[in-house]
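Here is the structure we will look at, set down as structure tokens.
The values are calculated or read from the model by the stated rules, or taken from the named source; none is laboratory data. Treat the numbers as computed from the prediction; the structure is a model and nothing was measured. Here Cβ is always computed from backbone atoms with ideal geometry, including for glycine, and neighbour counts include all displayed protein chains. Surface areas here come from the heavy atoms of the whole protein model, side chains and all, with no ligands, DNA or RNA. Shrake-Rupley method; radii C 1.70, N 1.55, O 1.52, S 1.80 Å.
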Amino acid sequence: MREAHKSIYTQAIPGINRLDDHVHFTQGEKCIQHFGDALPPSEKLLLDATNAQQRGRHTKYWCETTTKIGESSIRDTFASRDAKVRQWKEHLNKEVDKLAKEIERVEAHQREVLRRRQYLSDVTRVSEMTAEFRKRRPDREEDDIDRLQLEELHAALKADGDLQQCFRDLKECQRQMESARRALMSEVELKAFSLNISRRTQHAEPILSFPYKPEDHPSDQIYHPNTEEDWEKDLADKIQKSVATRQEASTCCLRTAATVKDGLSRVADAWFRTSKALQEAVQRDERALFNVQNRLQTVGENITSTKQRLASLNDDMRMQNRGKNLQLWRLQTLTYRPGADHIRDAPVRRLEEELGNIEKRGAFVTEGITRNKELLSRLEEEKLEQTLLMEKLTKKLFIERENCLGLRRTVAVEGVGLQDYVTDL
């Protein structure tokens with residue numbers, strides 16, 4: 001029935017006269033002259049009026065039925081289109097929500113990358129300041145600590161460069177997702193606008209011809225110039241592009257997390273190796289300073305005892321000189337006695353023997369004084385050397401322990417597996 005109406009009657013618009021223009025009756029249907037030519041004209045006129053009245057009722061019923069069928073078809077078309085639009089709108093809204101969550105996740109990763117880069121800049125600054133402090137050491141010889149510091153600086157700079165590239169990739173992913181979200185949200189807005197138009201037009205009188213064909217009504221295709229299939233294919237392509245963009249952003253986030261983990265681990269490893277080498281150097285210098293201080297104390301004690309021995313030997317030398325002068329005076333007095341028997345008598349021989357013993361003791365004391373003076377000179381030279389070494393070690397210890405390690409303690413090292421390291425330096 002409906003197909004017959006579709007094929008025969010092309011206009012189902014209420015309010016248009018469709019009795020004579022679109023409904024055709026044969027001459028036999030319009031009059032009954034062939035039924036009774038012998039009837040009187042009055043009866044023939046009544047029969048024609050009755051027949052016309054029946055044809056009017058039939059035409060009215062046919063028009064009402066055709067109008068109901070057209071309106072039902074239009075309502076079904078609107079309902080089908082609204083259901084499809086709502087379905088696509090729901091799908092688009094879900095994809096937009098997923099894009100929004102992924103954008104928030106990417107932004108969180110960007111903030112994390114910026115925080116890690118700030119941490120790496122602090123590490124680089126401290127490493128460079130440590131190298132500058134170590135250049136102020138009294139002995140500027142290159143050692144393993146300088147090599148470890150260079151490796152630490154290179155590791156921090158490499159990790160910062162990798163994070164900078166990750167930040168650029170995250171920015172590009174965010175831009176692509178925002179572009180995809182704007183495209184999908186524009187489609188959502190268009191679908192919502194289309195639904196609003198459908199709601200307004202469903203309760204109005206039908207204004208479209210029957211059957212409805214989109215290509216016959218360009219004003220209905222303002223926002224969708226293509227066919228429904230092209231429109232759905234375009235939406236599917238946009239959603240697939242959005243899904244691919246989200247997958248790329250998720251991969252970029254995972255890659256960024258792996259890069260952050262690897263870079264921080266390398267930096268932490270180089271940092272703790274350098275700190276450990278610095279701590280060991282400080283411990284060696286502390287032991288060396290302790291030994292120097294003990295040696296200085298021993299040298300000081302030796303110098304004091306040597307000076308005491310020198311003072312005692314000088315006293316002995318003065319005593320020996322006093323005794324020698326006394327014996328010489330006695331010998332001179334006995335030598336110039338009158339008479340010839342005073343030559344080489346017993347007192348003179350005794351005085352000469354005593355004078356020889358005094359000279360021997362004086363020579364022994366003089367040798368002791370010379371030896372102790374040489375020892376005192378060597379001890380004073382060693383004391384000067386140890387004092388200079390102690391000053392050098394004290395300055396070096398202050399630079400490495402207070403400046404270098406003290407500065408490195410201000411940085412909270414971040415990374416994985418930090419329990420394997422000694423963090424309290």
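The criterion of being open to solvent by 70 Å² or more (accessible area, probe 1.4 Å), assigned to a helix (DSSP H, G or I) and modelled with pLDDT of 90 or more holds for ASP262. Looking across segment 344-388, the residues that are hydrophobic (A, V, I, L, M, F, W, C), under 15 Å from ARG295 (Cα atoms) and open to solvent by 70 Å² or more (accessible area, probe 1.4 Å) come down to LEU384, LEU388.
Does ALA268 count as of a type in the set (Gly, Ala, Ser) and surrounded by 15 or more Cβ atoms within 10 Å (Cβ to Cβ)? Spelling it out, ALA268 is indeed of a type in the set (Gly, Ala, Ser) and surrounded by 15 or more Cβ atoms within 10 Å (Cβ to Cβ). Screening LYS392 against (1) at pLDDT 85 or above; (2) surrounded by 16 or more Cβ atoms within 10 Å (Cβ to Cβ); (3) not in a helix (DSSP H, G or I) leaves a single unmet condition, (3). Inside segment 133-148, residues that are at pLDDT 90 or above and either open to solvent by 60 Å² or more (accessible area, probe 1.4 Å) or under 29 Å from GLU178 (Cα atoms) (or both) make up a count of 1. Filtering segment 246-259 for residues that are open to solvent by 80 Å² or more (accessible area, probe 1.4 Å), over 30 Å from GLU90 (Cβ atoms) and modelled with pLDDT of 90 or more leaves a non-empty set.
Tell me whether segment 163-181 contains one or more residues that are within 30 Å of ARG273 (Cβ to Cβ), exposed (fewer than 15 other Cβ atoms within 10 Å of the Cβ) and modelled with pLDDT of 85 or more. Within segment 163-181, one or more residues are within 30 Å of ARG273 (Cβ to Cβ), exposed (fewer than 15 other Cβ atoms within 10 Å of the Cβ) and modelled with pLDDT of 85 or more.
Yes/no matrix, rows are residues, columns are (1) at pLDDT below 80; (2) part of a helix (DSSP H, G or I); (3) in contact with an Asp or Glu (Cβ under 8 Å, 6 or more places away or on another chain); (4) exposed (fewer than 13 other Cβ atoms within 10 Å of the Cβ):
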| residue | (1), (2), (3), (4) |
| --- | --- |
| GLU29 | yes, yes, no, yes |
| LEU47 | yes, yes, no, no |
| THR59 | no, yes, no, no |
| TRP62 | no, yes, no, no |
| ARG86 | yes, yes, no, no |
| GLU95 | no, yes, no, no |
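Residue pairs whose Cβ atoms lie under 6 Å apart, separated by 6 or more positions or on different chains, with the first residue in segment 388-413 and farther than 20 Å from ASP122 by Cα and the second modelled with pLDDT of 90 or more and surrounded by fewer than 17 Cβ atoms within 10 Å (Cβ to Cβ), are LEU393/ALA288. When GLU107, GLU151 are checked against the criterion of being closer than 27 Å to CYS173 by Cβ, surrounded by fewer than 20 Cβ atoms within 10 Å (Cβ to Cβ) and touching a residue at least 40 places away in the same chain (Cβ under 8 Å), a single residue qualifies: GLU107. In segment 298-310 there is at least one residue that is under 30 Å from GLU402 (Cα atoms), open to solvent by less than 40 Å² (accessible area, probe 1.4 Å) and either touching a Cys at 6+ places or on another chain (Cβ under 9 Å) or at pLDDT 85 or above (or both).
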